[in-house]
Each structure stands twice: as structure tokens, then as C-alpha cells.
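A short reminder: the numbers here are calculations on the coordinates, not readings from a lab. Only a predicted model underlies this, so the values are computations on that prediction, with no experimental measurement involved. Please note: Cβ atoms are built from the backbone with ideal geometry, for glycine as well, and neighbour counts cover all protein chains shown.
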Amino acid sequence: MITWRLLSSARGVAITTLVILVATVLVPALHLLTPSNSALHIPAHVMALFGKYLCFAMLALSIDLIWGFCGILSLGHGAFFALGGYGMGMYLMRQIGTRGVYGNAELPDFMVFLNWNELPWYWYGFDQFWFAALMVLLVPGLLAFLFGLLAFRSRVSGVYLSIITQALTFALMLAFFRNDMGFGGNNGLTDFKDILGFNLQSGSTRAALFAVSCLALAASLLTCLFITRSRLGTVMTAIRDAESRTRFLGYRVEAFKLFAFTLSACIAGLAGALYVPQVGIINPSEFAPANSIEAVIWAAIGGRGTLFGPIIGAIVVNFGKSWFTSVLPDIWLFALGGLFLAVTLFLPQGLAGLFKMRARKPVVPPIPAAQPEAAE
Amino acid sequence: MELAAGSILYLDGVSVSFDGFKALNDLSFTVAPGEMRAIIGPNGAGKTTMMDVVTGKTRPDTGDVLFKGDCDLTRLDEAQIAQLGIGRKFQKPSVYEKLTVTENISLALSGDRSVYASLFWRISPAQQIRVEHILEIIRLTPQRDMIAARLSHGQKQWLEIGMLLAQDPKLLLVDEPVAGMTDAETAATAELLKSIAGEHSVVVVEHDMAFVRELDVKVTVLHEGSVLSEGSLDHVSADQRVIEVYLGR
């Protein structure tokens, strides 16, 4: 059973990767190469919308790595996503230069507005793309590492861990709302002009951002697949199912959890960094606890412990959200709640389970013999 | 201290109390290398707490716990103690239900347990042979690809013993291995444990007197956190204090 399950999960990942790679080429091509009156043309706003979904999919994937495989339910993963977003936002702010309202080459508008005379030290270096790109991974990773070090060493787990991750993102939200933090207060960072010298509003830049999001998602997915199929992944699963047994086998449970948690935060940070240039703004509401919980719901709906399921879940749910909020705005939360209930009741393995059931029929005989999967 | 030299496990004056309740009270005993020892005692005698102390789950308030005569176990945590070569089998079968029998055993195989080494770990031919060998010992070769959840209770107990063997420990602590087993399974388990002793030291905690008789080894009787009597089963059964503890309530 397990070998077969692994196979099917790997197949789901393979198909998902393939679809993402096709989209990498096809969507930007359809946007750039077809005339805007063509039926095949993908308008910029649709591409940006799906680019956003891809970033959410990465966030859901990062949650699946720790929740689905290691049993760590983080209800504060939006914090790492938002930190990555702020890192990118800071770079984009510095790129505005003299084109801001106050025309200050050094200081972003909100700092001029607050009568600040010089750039705070933690903004240094963010005018360089390579530095910002590094920070986008490093800051969420470092925070997750320190947080995990304290939490996992003191053996905080289960709901207690979930609650403190929620507190973490809430505390960060309150901090980022403050003007004197130097991140633009409740307005956040916005009015971006260009990235690496390319105009953020142009079709080709948007197409490139979309393609990069696809590639980042595919790369994260394959990295997670490699990890979960290694012995490291088996140990993670072992920790999820019987933590103390694993400890008595001689594995340092906290080290494995810390690795998974830190890597997961880096993926979330990267997702946030790709999200910001596509939506054009980052503000403290991204730290809102509800955002993190919503991301967990995407993973649950998609099917945790499958890697590809949460990606499908994030895209389906967010597509539904966009559609409902424009057509039937009052119904969206009911629809989400209903979907969550329906999946919990009828699809315990999420949408990925649907895919598996379909794939299953020809593979496994209806009445399983003693060990039909021994053939692998 | 001179007693510690040459022993595999040495406990001296170990006391543990939980909220005033003395679970272990000045407990002292030693186990020799290659020896199998049965520990019996009524409920609350401190058998499981003793195992918790040896495996690092519980820190003693006072006393020495030495492994191989010189290694102080009270300073180490569970993972370090396991890596030193002390394996523990829990009272309730504790295997990974969602993994196959083979996966359960290969996860327990001795070797580098760091995160990095795990990422690139591949089973070696020698380890493959070892897994096969263990499967034979625990009689689960036909079930090798079955997920552990589908094993019977007795088979799960054996699988857990197999996982301990894969760890290649110097000392095995086995907590009530035959609880809930049929008579045939109990006899087979006694055989299995006896075949393990010699190469490894084994400490078995058990309630089942028939099983202890079958093991035919030195017995330590615990009562209220300390040693009440020690010797062959016949010797301790004749001990007046043991009879009082077992029959007097």
C-alpha cells in the first residue's frame, strides 16, 4: 500500500510539475504573442492573478512540507511569506529613486513624510537586487530557525506550537503597523516602478514574473519531493506518527523538525517575494492571523502529505475566491466553509485523493490480497 | 563504585519523586554484559520509571546511573542514550503504523543519524542483508512489505523487538513484551529473547510469571521503588517478603 501510495504521489507531483512547466512557456507566450482581440489572448490582469495564485501555491506547499510530513501545524506561516514580501518591497522602494512624490533619491516617500533624515541601517543594501534576493530567504529562514530552536528544544508541539506561531504572526503584524518600525506603517510599501530596470507595468515584465513564479514553484516542488522521498522524509513521517519512538531510536527529533521548519519558511519567503511585484503592494495585513489559517485550509482542501495537492488546493480555492468575491461577494465565506466541510467529510485525502481514486481503479484489484503491493 | 567496573548497567542509590511520591527510592542493582535479567514487581513498584531513568526520559533526583561502568546516563538525552547503544521497547507496541515492516526496520538501522546524512542515505548491501536477517529472526519475512498497521498485536511486538535489534544495542530494555499475547506467542517470544541474550544484555520487565519462569534467568523484585529481593525465580518465590508483597494485598 505504502509503496503504491508513494508512486501515486510521485506521479501526481510529476504531472503537476509538467503542467507548471507548460504554463511557464504557454501563458507568457499567449499574453505577448497574440493580439489583444484574439480569443487565445491572456490579458495582463488575468496573468497577474494566476501569478498570485502560484505564489499562494508555494505557500501551501511550504505548509504541507511541515504539516503533512512532519506533523508541525504552523498557523503563522503567513509571517514568513510577508517577511519575504517586505524584503522584495524594500528593494522595489529603493528602485523608485527620485520618481517618488517628494523626489528624494535616498529616502522612500513615507520616510520623508515622517521627517526622517536618513535611511535606517536595516534598509542598507536593499538597493542591490542580489542583497534583497538573499534577505528574502535569509530573514524568514533565520526567524524560523531561532523560533524553531526555542520551540522544538523545549518540546513545544501540537496545539501549543500552533498557538505560538499564531502569536508570532500577530505580534509581527502589530509591529509592522507602527510607523516608527520604518516599514511604511499601515500603508506598507507600494507605488513600485521597476524591477532590475524593467518597468513593472509592462507586459513583458509581467510575463517574466509569471514565468519565474512558475519555475520557483516547480523547483520548490521538486526539492520537497526529493526530501520527502529520502530517509530524511521517512524520519519526518516517523516523527509525525510516533515522536517519542523516533527519539528512542536515536534520532534528534528537534534537529529534523528545525530543518523542515526552516526550509519551509524559506520557501514561504520566496513565495512572498514573488507575490509583491505582481500585486504591487505589501502591507501589514499580510501578517494577519486569518491569512495564515486560510493557507492551511488550502493545504487541507488540496490534500496534505501529497505535495501536489496543496498546490491544486491553493489555486482552486483562490480562483473560487476571486470568482465569488466578484459575482457573489456575500457568499464567499460560506462557500469556503462549505468546501472545507465537504472535503473533510467526503474527501479525507483532499482533492489529491480524488485524483488518486481515479488512478487507483486499474492499479489495485478490488479485493486486496495479502500483499498485492509486494511486486514493486 | 568498584561494582560499576565490568557491568553494562549500574544503578546506585537512584531516587525519583513526582510531587512527593517516591517512584524510585534508593534503587540499586547491576546488570552484567550479556546477561538477561527479569524485573518483576507489583503495580507502582517503579519498573517503568526505572526504564525512563535509564533511557533519559526522566532525570533522577539523586543517584548514579552508569552504562558500561563509566558513562553517566543522567547527563544525556534520549537520542544520545539510544546512540550509545541502549534500545527500549515500550509496553504498548510502538511501531510506525503507516510504514512497511521493512521500512520500520531500516529506519532503526544503526548509523549516522544526522539530518544531512539522512538526506543522502542509501541502504548498503550489508545493511540489506542485516534487514533480511532480522526479518527472519522476528519471523516477519512473509509480511515484509505489509504496512505495520495490518500486523497482529503479537507481530507488532516482534517488529518492535526487530527494530531494537536493527539499532544493534548493547543493552535492550523490554517492557512487558508478552502483554496481550497468546500462549503460543508468549513461548515464541521467550525463545526470541533468549536467543538475543548473550550478544546483547537484556532487561525484561514483566508481570507474567509463567513467562518469567520460561526465561529462566536471574530475577530482581522491585517494591515501592527499591529492590526487595534478587536471585533465581525459585529463590525469590520462597522469600517471605516477596510473598507478603504479592499475596498480602
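Peptides B:169-176, B:154-161, B:65-72 ranked from most to least packed by the mean count of surrounding Cβ atoms within 10 Å: B:154-161, B:169-176, B:65-72. Derived scalar couplings between HN and Hα for region A:210-215 equal 4, 4, 5, 4, 4, 5 Hz in order, rounded to whole Hz, by the Karplus curve 6.51 cos²θ - 1.76 cosθ + 1.60 (θ = phi - 60°), x for Gly and Pro. Taking only alpha carbon atoms, the protein assembly as shown gives an Rg to Rh ratio of 1.08, where Rh is the Kirkwood radius. The charge dipole of region A:2-375, taken about the Cα centre with unit charges on the Cβ atoms of Lys, Arg (+1) and Asp, Glu (-1), comes to about 1380 debye, rounded to the nearest 20. For peptide A:292-303, the mean count of partner chain Cβ atoms within 10 Å of a residue's Cβ comes to 0. Would you mind checking region A:264-308 for residues with the amide N under 15 Å from a putative spin-label position 7 Å along Cα→C-beta of A:A44? Only A:277-281 pass the distance filter. Based on Cα contacts under 8 Å between residues 6+ apart, chain A shows a relative contact order of 31 percent. Across the options A:A207, A:Y251, A:I267, the greatest Cα extent toward the positive end of the charge dipole of region A:189-272 (unit charges at beta carbon of Lys, Arg, Asp, Glu) belongs to A:Y251. Between amide H atoms placed 1.01 Å from N, distances below 5 Å from B:L228 occur with B:V221, B:L222, B:H223, all of them 5 or more places distant or on a separate chain. Every helix of 4 or more DSSP H residues in chain A counts as -39500 (n - 2.57), and over all residues that averages to -24000 deg cm²/dmol at 222 nm. Database remark: amide H of B:L9 closer than 5 angstrom to the amide H of B:V31, B:K68 (H placed geometrically; neighbours at sequence offset of 5 or more, or on other chains; Pro and chain starts carry no H). Partner shielding of B:139-149 amounts to 3, given as the average count of beta-carbon atoms from other chains within 10 Å of each residue beta-carbon. Which of B:V205, A:F226, B:T74 sits farthest toward the positive end of the charge dipole of the protein assembly as shown, with +1 on the Cβ of Lys and Arg and -1 on the Cβ of Asp and Glu? Checking the options against the dipole of the protein assembly as shown, the answer is A:F226.
Take each residue in B:113-123, count the other chain C-beta atoms within 10 Å of its C-beta, and the mean is 6.
Here, chain B yields an orientationally averaged convex hull projection of 14.3 nm² when only Cα atoms define the hull. For chain B, the longest principal axis of the C-alpha atoms and the axis of helix B:183-196 are separated by about 90°. Just so you know, the averaged projected area of the alpha carbon convex hull for region A:2-375 sits at 21.4 nm².
When the pairs B:K47/B:K218; B:K68/B:K89; B:K92/B:K194 are compared against a 18 Å limit on Cα-Cα distance, B:K68/B:K89; B:K92/B:K194 fall above it. One chain, two ends: A:F198 and A:I15. Fully extended at 0.36 nm per residue, the span grows by 62.6 nm beyond their Cα-Cα distance.
Amide H to amide H distances under 5 Å link B:V203 with B:R37, B:L172, B:L173, B:V174, where only residues 5 or more positions off or on other chains count and H is placed in the peptide plane. Here the 3J(HN,Hα) profile of region A:22-31, calculated from phi with Karplus coefficients 6.51, -1.76 and 1.60 at θ = phi - 60°, is 5, 4, 3, 8, 5, 5, x, 4, 5, 6 Hz, Gly and Pro shown as x.
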